[in-house]
Amino acid sequence: MTTKPRLYYFNGRGRMETIRWLLATAGVEFEEAEYLETREQYEKLLQDGALLFQQVPMVEIDEMKLVQTRAILNYIAGKHNLYGKDIKERALIDMYVEGTMDLNEMIMLYPFSSPEEKEKNFALMIQRATNRYFPVYEKVLKDHGQDFLVGNQLSRADVQVLESILMIEEYEPTVLSEFPLLQAFKARISNLPTIKKFLQPGSQRRTEPDDRIVETVNKVLQL
Amino acid sequence: MSGKPKLTYFNGRGCMESIRWLLAAAGVEFEEEFLETREQYQKLIKDGALLFDQVPLVEIDGMKMVQTRAILRYIAAKYNLYGKDLKERALIDMYVEGTADLMGMIIPFPFTPLKERNLALIIERATTRYFPVYEKVLKQHGQEFLVGNRFSWADVQLLEAILIVEEKEPTVLSKFPVLQAFKARISNIPTIKKFLQPGSQRKPPPDDQYVATVIEVFKKD
């Protein structure tokens, strides 16, 4: 009997959202443990030895308590055939997703910006999306003319790029205006059955940026 | 044309050092091109060599690879340093991400204004968050290597992290006897022993010249 993966995190996107996306895309049902809301909950997890490096995200999956976002994502992608068919495809996928993770890092930290830095961080985030990251993915799609970023089949790269596009669009709705192929890509990938389901209301996707949880995170992690 | 991997980076550690370690551990000879001027960097961008306008860049097996972790994973997998199955890979990934986080506190150090540098926090993290984990892993299974009773990327990166922290605090392993033995043992592996000797491609700690070069190359117009 396989038990569902169990996610330990705050009630927000943060570093766990990409993991939710990947599990959902793979059609894997998962549970969320009690959301981290108090310092006491966090200290209990620490005392129980559940967090290898004292950090969340943590995902209980296949009898492992996995921590470290990339370790978790790599495992899920590998297990569910979303990581390419060979080492060279994996290299391409890794380059593309590391790009999205750099962009996501800016998106994730933006709500935590100090008031003085907010405007600057916002501008940098949008600039990086439109000048550094999206042009790369637009060109990849243009050069091979295929539906997916790597190897002519769905991979975590497609999922992670879609996720980043949607999060940036929340802040700047016209961000894809110069990227026609990414617009088509967004529509196409959003329409894949498991992803379509994840994008519907009532799914386990977090529907808002993390402004609401800034206070909770600061309190729980004593930042 | 040599077919050897070619590394493009500053003449210093930074984000490239873990890659040098892994190639060296795997016994792979590599070439280096050092970034010294803004013009070189702009030329690389203009030539389309840097996917996200960033270094490290490693030209390997016909690919121009960027993103440190993508490069490390490729090398680890190619040279059988990434475990034998998905679960071993998961353990290795967790362990290397931990050491990467620790080293990630040290890499920006020379670029941080003096009064913001927090060496005490680095040592605290090393001795209370990271080293105890690896000490326990080794103690619990009693094997020579961190994962799967076999030399892997995790062992290389842990040794690298230990040595970097020791440069800042030489007694940092004093409470970790198993890690002390690990350090001695892994340092003695022939390819690693060679890399640890003077004259290898291992880079020294960053100095003012290195910092000045990086700032100059990345300076905004």
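The values are calculated or read from the model by the stated rules, or taken from the named source; none is laboratory data. If you're wondering where the values come from, they're calculated on a predicted model, not measured in any experiment. Positions of Cβ are backbone-derived with ideal geometry, glycine not excepted, and every protein chain shown enters the neighbour counts. Just so you know, the surface numbers come from the protein's heavy atoms only, side chains and all, with ligands and any DNA or RNA stripped out. Shrake-Rupley method; radii C 1.70, N 1.55, O 1.52, S 1.80 Å.
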May I ask you to list the residues in region B:169-215 that are at pLDDT 95 or above and either among the charged types (D, E, K, R) or in contact with a strand residue (DSSP E or B) (Cβ under 6 Å, 6 or more places away or on another chain) (or both)?
B:Glu169, B:Lys175, B:Lys183, B:Arg185, B:Lys193, B:Lys194, B:Arg202, B:Lys203
Considering every residue within region B:105-117, establish whether at least one is in a helix (DSSP H, G or I), within 13 Å of chain A (Cβ to nearest Cβ) and either open to solvent by 60 Å² or more (accessible area, probe 1.4 Å) or of a type in the set (D, E, K, R) (or both).
no
Of the residues in region B:186-219 that are part of a helix (DSSP H, G or I) and basic (Lys, Arg), the one that is most open to solvent (accessible area, probe 1.4 Å) is B:Lys194
Is it true that A:Glu215 is farther than 16 Å from A:Leu109 by Cα, assigned to a helix (DSSP H, G or I) and acidic (Asp, Glu)?
no
For B:Gly83, work out the one condition from (1) closer than 21 Å to A:Ala77 by Cβ; (2) assigned to a helix (DSSP H, G or I); (3) among the small types (Gly, Ala, Ser); (4) open to solvent by 20 Å² or more (accessible area, probe 1.4 Å) it doesn't fulfil.
(2)
Looking for something buried (at least 16 other Cβ atoms within 10 Å of the Cβ) and either among the small types (Gly, Ala, Ser) or farther than 26 Å from A:Thr69 by Cβ (or both) - is there at least one such residue anywhere in region A:165-179?
yes
Only one of these conditions is not met by A:Asn121: (1) in contact (Cβ under 8 Å) with a residue 40 or more places away in the chain; (2) more than 13 Å from every other protein chain (Cβ to nearest Cβ); (3) touching a Phe, Trp or Tyr at 6+ places or on another chain (Cβ under 8 Å). Which number is it?
(1)
Being surrounded by fewer than 21 Cβ atoms within 10 Å (Cβ to Cβ) and either over 21 Å from A:Gln200 (Cβ atoms) or of a type in the set (A, V, I, L, M) (or both), is that true of even one residue in region A:154-163?
yes
